[in-house]
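Have a look at the structure below, then the notes.
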Amino acid sequence: MTNKSFRSKFMKKITFRCAGAAVLASILYALLIVAAYVIVNRIVWQPSPLYYFLKRVELYAYLLIPVGWIILILAVIYVYWRKTVGYIEDIAAASAALVRQDDEDIRLPAELREIEDRMNQIKKTALKNERDAKEAEQRKNDLVVNLAHDIRTPLASVIGYLNLLDEAADMPVEQRAKYTGITLEKAYRLEQLIEEFFEITRFNLSTIVLNKRKINLTFMLQQMADEFYPIMMPQNKRTIVHVPDDLVIWGDADKLARVFNNILKNAIAYSYSDSTIEVTASVKAEKVVIQFTNSGDPIPPHKLEVIFERFFRLDTSRSSQTGGSGLGLAIAKEIVTAHGGTISAQSDEIKTTFTVALPTGNLNAGKSNPQYSQP
């Protein structure tokens, strides 16, 4: 319900109650006048001050009765106006509770139950957002500290081996080649860690701007499977892609490639050796559904709920193989959401599946391709 419609509904409720009270008061006022008229005319009056007073009132009845009715209506309006002002004061007093750091519910009169529910919802949402922000900030701080600590190790190795190579001019070729290879490996690791620092900065400062065009999803997913082949080969992992031929979607190719890249990299990192990662795509209910399924240790249910939050790392051990910046899936979710789609994860003891659902847009699907796999 929008704020405008809510205000309109609340004002209608107050107006109807006031109008109902005015109508009821008018009926009672009319009955009172009729009853007084009947009673007065049935009494045999003797000349007295009261008799002459009533006679004079009768002469001006045509004026006094409407004036009395107007006064009565004004009294009803005043009562409801005071009540409305009281409601505003109650709401103003309760609004202070919105910023209190406690879980106590806001209490308002029964007539303001709807406003009470809305304010309690706002308070709970604000508290949850604040707690989530603090947790994300703490995770980011821990991550930065960990990255800073991790950078020192490869940096020290690079400096040490370079000094060794520089000082030992007569080092055998085989040993020099070995040390050069180790230095290069440590330098690559150092580059990766520095890139994670930049990733954190870019995530905090950038906003997602989409440059949409037609994308051959079939080609994109097959190309990614080929690109990851050298990484999977040492552990005898492979990727099989089940995608319809010439499946075309409408979106930002670079950003969606980043989504699929992050998910596939995550699936590779957490899958068993000698296992297969399946990538499927199909059209369901005007959406393109892409799924990445791998066999690996199951993700605990409580972690499935927060796996797409920024700076969350499934592997908390800061492993050099799996410990990233904790932004990959969070960035993937933001990109998918910007495309009007959804991303989710399911996991059990047999397999883990990440599902991305995107609007079809300008969709052009051809015949089904039974299977594409890496050589």
| message | Tell me the residue from 163, 211, 204 that is within 29 Å of residue 339 (Cα to Cα) and at pLDDT 85 or above, please. | response | 211
| request: Scan region 246-284 for residues that are under 24 Å from the mean Cα position of the chain (by Cα), open to solvent by less than 10 Å² (accessible area, probe 1.4 Å) and more than 25 Å from residue 349 (Cβ to Cβ) and jot them down. | output: 251, 252, 256, 259, 260
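Okay, residues lined up against (1) open to solvent by 20 Å² or more (accessible area, probe 1.4 Å); (2) at pLDDT 50 or above:
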{"residue": "338", "(1), (2)": "yes, yes"}
{"residue": "344", "(1), (2)": "yes, yes"}
{"residue": "351", "(1), (2)": "yes, yes"}
{"residue": "356", "(1), (2)": "no, yes"}
{"residue": "360", "(1), (2)": "yes, yes"}
{"residue": "364", "(1), (2)": "yes, no"}
| query | Pairs under 9 Å by beta carbon, first residue over 25 Å from residue 194 (Cβ atoms) and open to solvent by 70 Å² or more (accessible area, probe 1.4 Å) in region 153-182, partner part of a helix (DSSP H, G or I) and not acidic (Asp, Glu), six or more apart or different chains? | reply | 176/165
| task | Within region 50-73, track down each residue that is in a helix (DSSP H, G or I) and of a type in the set (Ser, Thr, Tyr). | result | 51, 52, 62
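The rows are residues; the columns are (1) on the phi > 0 side of the Ramachandran plot; (2) in contact (Cβ under 8 Å) with a residue 40 or more places away in the chain; (3) not hydroxyl-bearing (Ser, Thr, Tyr).
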{"position": "234", "(1), (2), (3)": "no, no, yes"}
{"position": "243", "(1), (2), (3)": "no, yes, yes"}
{"position": "254", "(1), (2), (3)": "no, yes, yes"}
{"position": "263", "(1), (2), (3)": "no, yes, yes"}
{"position": "268", "(1), (2), (3)": "no, yes, yes"}
{"position": "272", "(1), (2), (3)": "no, no, no"}
{"position": "289", "(1), (2), (3)": "no, yes, yes"}
{"position": "293", "(1), (2), (3)": "no, yes, no"}
{"position": "297", "(1), (2), (3)": "no, no, yes"}
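If you check residue 47 against the conditions, is it surrounded by fewer than 11 Cβ atoms within 10 Å (Cβ to Cβ), under 60 Å from the mean Cα position of the chain (by Cα) and either at negative phi or assigned to a helix (DSSP H, G or I) (or both)? Can you show your working first?
Values: surrounded by fewer than 11 Cβ atoms within 10 Å (Cβ to Cβ): yes; under 60 Å from the mean Cα position of the chain (by Cα): no; either at negative phi or assigned to a helix (DSSP H, G or I) (or both): yes.
No.
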| Selected residue (criterion: nearest to the chain's Cα centre (by Cα)) from residues of region 285-302 that are hydrophobic (A, V, I, L, M, F, W, C) and in a loop (DSSP other than H, G, I, E, B) | 299
| note | Of the conditions (1) at pLDDT below 75; (2) of a type in the set (Ser, Thr, Tyr); (3) farther than 30 Å from residue 131 by Cα, the single one that residue 29 does not satisfy is (1)
| task | Could you tell me whether any residue of region 129-146 is at pLDDT 80 or above, over 33 Å from the mean Cα position of the chain (by Cα), over 18 Å from residue 192 (Cβ atoms) and assigned to a helix (DSSP H, G or I)? | result | no
| said: Tell me yes or no: at least one residue of region 91-109 is over 27 Å from the mean Cα position of the chain (by Cα), in a helix (DSSP H, G or I) and of a type outside the set (A, V, I, L, M). | reply: no
| task | Could you tell me which numbered condition residue 239 fails, if it satisfies all but one of (1) more than 26 Å from residue 349 (Cβ to Cβ); (2) in contact with a helix residue (DSSP H, G or I) (Cβ under 6 Å, 6 or more places away or on another chain)? | result | (1)
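The values are calculated or read from the model by the stated rules, or taken from the named source; none is laboratory data. Being a predicted model, the structure only gives us computed values, none of them experimental. In this analysis, Cβ positions are derived from the backbone assuming ideal geometry, glycine residues included, and neighbour counts consider all displayed protein chains. Keep in mind that these areas ignore ligands, DNA and RNA; they rest on the heavy atoms of the full protein, side chains included. Shrake-Rupley method; radii C 1.70, N 1.55, O 1.52, S 1.80 Å.
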